[in-house]
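Taking it in order: structure first as structure tokens, then the write-up.
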Amino acid sequence: MIQEFLNTISDLLKNSGFMQCSLQEFIMLAVACILIYLAVVKQYEPLLLLPIAFGVLLANLPVAQLSSYNEGSLIYYLYKGIKLGIYPPLIFLGIGAMTDFGPLIANPKSLLLGAAAQIGIFMTFFGAMMLGYTPDESGAISIIGGADGPTAIFVASKLAPHMLGSIAIAAYSYMALVPIIQPPIMKLLTTKKEREVVMEQLRPVSKTEKVVFPVLVTLIVSFLLPAAAPLVGMLMLGNLFRESGVVSRLTNTAQNELINIITIFLGISVGATAKAETFLNPKTLGIIVLGLVAFAFGTAGGVLFGKIMYLVSGGKVNPLIGSAGVSAVPMAARVSQKVGQEANPSNFLLMHAMGPNVAGVIGSAVAAGVLLSVLK
Amino acid sequence: MDNLNLALNMIFTGVSVVFLCLVLLVFVIYAMPKVLSVFYQKKINNVAVSDSRTVREENGIELNQSKQIPINQKKECNDELLAVITAAVLACFKPEVRSRIRIASFRRVSDTPPVWNGVSRNEQIASKYD
């Protein structure tokens, strides 16, 4: 009887996580705890980084088999939403419902700054290819430069699902670091005189324009680039809900309950793809370095195009708003505002920077469509 | 070599397509208010015609009250509104500053503006004349 009891206890211990935990899993658990710390204490994009971090923790629990790849687990079924490309467009629906495209409609030239900031994506693609990544992997890594989480997850899930966890973690971490990464690049590429430029007040935008805008954007972008249709279409649907003013219940749901639920599912299932064998390899280090390169090139591309617009307009455009072309809304716009105010305390660039900022959301979706069209 | 070709091809294709797409959107957005103003002009003309029809009916059998506010009454509403808003803004500032304030334009904002719109506006008002 006692022998049986001891054998049972011995079997339980042998099958427990303590005896089955490998060094790699232990390291990944530590990584998960660090990410949780960054999300909770440092508040690095906590809305997504916290569920991602906890997904990493769950996936690397020894024996539990809770990763996105373990058939039968809850997270395996939640992961279907990413695999089938469902969650990112739904997140875009919520983002569209929360976004005001007024500053963009008032100053359509901002779209060019949004386009210029996507140069970082393609330059990083070049760098990744030269470093030996496959074309699909390079495409998935380079989209980090769009500074758009749902877009990065959408592209990575289609082009390089084995790198999804690393890419998502890198993307959201760098988005949180935008206030640190961007200012030195902005100051390096602009003169004080350029940073002091005060821009004219934006014209008022009518409600009709705001209602027509999402329909036109959906039609034009989807006709040109059908691969971008899921993201751009849902973004514009959310915006149409908001601007039409006749579906306030749907707008509220898209802005709140829907996006919150999808964020939880997306975060956990993305994090749960980061198992030790996929995350702890030299390619992950490359992703982290290339992600930083992508952000830097994107910021530089936007600022340099801003300088071109400054020259062409005779000094009416502040080049700093070009850095907001990376679609980290509204963080990048706030960085433009802050750096502009350092040069000229009475300068308020926030609303001017919101134009390129929301243009970057459209631009990164278009860039994602290009990558998917060319590589798939 | 193939990788290099693909990478260069991607740079040129990607940048070109993104710019093409967004430049097209720029033109469409610039054209949008012009096209919409043509429709609005037609609508105003139709309203003027229906108003005159309403007057004829009024002189006939029944009164049909036009639901359109005449343009001169709209202007009066705007002037009154402007006066109230100006008075409210001036009341927030110190007396020595009030003479330097001029309301250049005003417009109605949407009911659910983004948070940063309000923050920016408040910061602008609070710091401009501190």
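With θ taken as phi - 60° and the Karplus curve 6.51 cos²θ - 1.76 cosθ + 1.60 applied, the whole-hertz 3J(HN,Hα) list for segment B:2-14 is 4, 4, 4, 4, 5, 4, 5, 4, 5, 4, 5, 5, x Hz, x standing for glycine and proline.
List the relative contact order of chain A as a percent without decimals, with contacts defined as Cα pairs under 8 Å and 6+ residues apart.
Answer for chain A is 29 percent.
With helices defined as uninterrupted DSSP H runs, which ones in chain A have an alpha carbon span along their own long axis of at least 27 Å and mean Kyte-Doolittle hydropathy of at least 0.5? Please report the intermediate quantities before stating the final value.
Details: long enough: A:282-312 (45 Å, 1.63); A:350-375 (37 Å, 1.62).
Those that pass (Cα extent of 27 Å or more, hydropathy at least 0.5) are A:282-312, A:350-375.
What is the distance in Å between the Cα centroid of segment A:298-376 and that of segment A:1-69? Measuring centre to centre over Cα atoms gives 41 Å.
In terms of solvent-accessible area of protein heavy atoms at a 1.4 angstrom probe, what is the ranking of A:Arg203, A:Arg242, highest value first?
Descending accessible area places them as A:Arg203, A:Arg242.
When the Gaussian network model of chain A links Cα atoms closer than 10 Å, the mean-square fluctuations of A:Phe154, A:Phe101, A:Phe348 top out at A:Phe348. Accessible surface ranking for B:Leu90, B:Leu81, 1.4 angstrom probe, highest first: B:Leu81, B:Leu90.
The values are calculated or read from the model by the stated rules, or taken from the named source; none is laboratory data. Values in this document were obtained by computation on a predicted structure and should not be read as measured data. With ligands, DNA and RNA removed, areas are computed over all heavy atoms of the protein, side chains included. Shrake-Rupley method; radii C 1.70, N 1.55, O 1.52, S 1.80 Å.
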